[in-house]
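Notes for the one structure printed next.
The values are calculated or read from the model by the stated rules, or taken from the named source; none is laboratory data. On a predicted model such as this, the values are computed, not experimentally measured, just so you know. Note: ideal-geometry Cβ built from the backbone for every residue, glycine included; neighbour counts use all protein chains shown. Just the protein is used for accessible areas: all its heavy atoms, side chains included, with ligands, DNA and RNA removed. Shrake-Rupley method; radii C 1.70, N 1.55, O 1.52, S 1.80 Å.
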Amino acid sequence: MNLIRTPLLILWMVVIIALSAYAQPRPAADNHAFPVGMTSRAYPDSARRNWADTGPRIMRTIIWYPAAGGGQITMLDNPGQFAAPVPVIRDGAFASSPPAGLIMISHGANGNATQMAWLGYYLAAHGYIAAAVEHCGTAEEERNIQSPAISEVYIAVLPDDISAVISQLQTDTFFRTHISAQRIGVAGFSLGGAVAIWTAGARLNMPALNRETFIPAELKATIEKLKAEEATDPVLKAARLHAGDDFRDKRIKAVFALAPAIGRGFPPASLQPVTTPVCIVVGDADMVTPPAANAVMYARGIKGAQLTVLPGEAGHFIRNQDNVSQAQILRNVSLMAIRFFDKTFPAQR
């Protein structure tokens, strides 16, 4: 299973160049301390309008968390994400424990929150609250533009999605008392990996990204149409004007990025403000976000960033691969993320 339904949107953002390889550390032990609970929310952001300008931007979110019974047990049967179906407790009780770390999850282009279940599940099993934001709205909210969706053209809305959901979770009656304010992080895949780094203080250089961008013919018409509408559309115009803003969220204490995309949009100077601990992982055979143009560039530009280049593919599974092997790779990546957050965050109290 490819974690993005089609690589077209990212392919026109990146340039395939020579790859680099680095040593792979041993992942953390896979100790499942908690049953996994799962629930969903549809949080409205009153500060922003949806693209159709019919109401507030709605941030639909899937949340996994350490559970303690109650609720309905169901099986997540996602071949390619899990080697075998795994149990979750829908709307179960929260496990009695110290306040938990909160990890926001940002999915890739043409993806969705469900495709990040593998990461959310393993984080929750290890005691974290993991919340995956659905960046793209309904067909109506996206003006029936599906490929690419408006939210994947005007990508400056994405880091605000992350920050807005953190705020909503901190006031959610179910979660607010369980979240440790000192243990908030972001994990992202592909375009979501760039979003995660963005929330740590990186500044998007849109002219640099546009210079390096090749737009396939099948996407040009939609993009040009939206650009033409910007002059008279306040929602689109605001999204474009603020693309280079500082989206740093000081609540975020750590960032884990898997195969981050659009590296050309973040030249070295735009990465200097990032002081948050950052861990970057990518496969050396990644055809969608080649390491040298993306992960390596991020790692070189962010002081103290950790970079791991794994053999083969990790996330962008373009080549044929059996589901069991793919699920094992994703499990190992999850354990790397858990080890990073465990080491970076202060100890639970």
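Just a few scattered comments:
- Leading residue by the ranking (farthest from Ala196 (Cα to Cα)) among those in the stretch 262-272 that are within 19 Å of the chain's Cα centre (by Cα) and in a helix (DSSP H, G or I): Arg264
- Subset of the stretch 236-261 (residues that are more than 30 Å from Asp53 (Cβ to Cβ) and either part of a loop (DSSP other than H, G, I, E, B) or open to solvent by 20 Å² or more (accessible area, probe 1.4 Å) (or both)): Lys250, Lys253, Ala259, Pro260
- Selection status of Asn110, crowded, with 16+ Cβ neighbours inside 10 Å and either at pLDDT 55 or above or assigned to a loop (DSSP other than H, G, I, E, B) (or both): yes
- For Leu169: the one exception among (1) open to solvent by 10 Å² or more (accessible area, probe 1.4 Å); (2) of a type outside the set (Phe, Trp, Tyr); (3) under 20 Å from Tyr65 (Cβ atoms): (1)
- Count of residues meeting criterion [under 19 Å from Val278 (Cα atoms), touching a strand residue (DSSP E or B) at 6+ places or on another chain (Cβ under 7 Å) and of a type in the set (A, V, I, L, M)] in the stretch 167-193: 3
- Test: residue in the stretch 187-194 that is over 18 Å from Ala130 (Cβ atoms) and touching a residue at least 24 places away in the same chain (Cβ under 8 Å): yes
- Just so you know, in the stretch 133-151 the residues that are open to solvent by less than 10 Å² (accessible area, probe 1.4 Å) and closer than 17 Å to Thr222 by Cα include one that is farthest from the chain's Cα centre (by Cα), and it is Glu142.
- All of (1) in contact with a Ser or Thr (Cβ under 7 Å, 6 or more places away or on another chain); (2) in a helix (DSSP H, G or I); (3) of a type outside the set (Lys, Arg) hold for Ala231 with one exception: (1).
- Residue within the stretch 300-319 that is part of a helix (DSSP H, G or I), open to solvent by 10 Å² or more (accessible area, probe 1.4 Å) and among the hydrophobic types (A, V, I, L, M, F, W, C) present: no
- Considering the stretch 61-73, the residues that are at pLDDT 95 or above and more than 29 Å from Pro159 (Cβ to Cβ) include one that is surrounded by the fewest Cβ atoms within 10 Å (Cβ to Cβ), namely Ile73.
- Residue list for the stretch 172-181, restricted to those being of a type outside the set (Val, Ile, Thr), open to solvent by 10 Å² or more (accessible area, probe 1.4 Å) and assigned to a loop (DSSP other than H, G, I, E, B): Asp172, Phe174
- Top-ranked residue in the stretch 45-60 [being of a type in the set (Gly, Ala, Ser) and farther than 19 Å from Arg240 by Cα; ranked as least open to solvent (accessible area, probe 1.4 Å)]: Gly55
- Hits in the stretch 28-44 (condition: open to solvent by 60 Å² or more (accessible area, probe 1.4 Å) and at pLDDT below 85): Ala29, Asn31, His32, Ala33
- Inter-residue pairs, beta-carbon under 7 Å, first of a type in the set (A, V, I, L, M, F, W, C) and assigned to a loop (DSSP other than H, G, I, E, B) and in the stretch 143-167, second modelled with pLDDT under 90 and crowded, with 22+ Cβ neighbours inside 10 Å, 6+ apart: Ala156/Ala239
- Considered as a group, the residues in the stretch 273-299 that are part of a loop (DSSP other than H, G, I, E, B), in contact with a Gly (Cβ under 8 Å, 6 or more places away or on another chain) and open to solvent by less than 10 Å² (accessible area, probe 1.4 Å) include one that is farthest from Phe247 (Cα to Cα), and that residue is Asp286.
- The set of residues from the stretch 80-105 being open to solvent by less than 10 Å² (accessible area, probe 1.4 Å), among the small types (Gly, Ala, Ser), in contact with a helix residue (DSSP H, G or I) (Cβ under 7 Å, 6 or more places away or on another chain) and in a loop (DSSP other than H, G, I, E, B) comprises just one member, Gly80.
- Test: residue in the stretch 322-339 that is outside any helix (DSSP H, G or I), within 27 Å of Pro79 (Cβ to Cβ) and within 18 Å of the chain's Cα centre (by Cα): no
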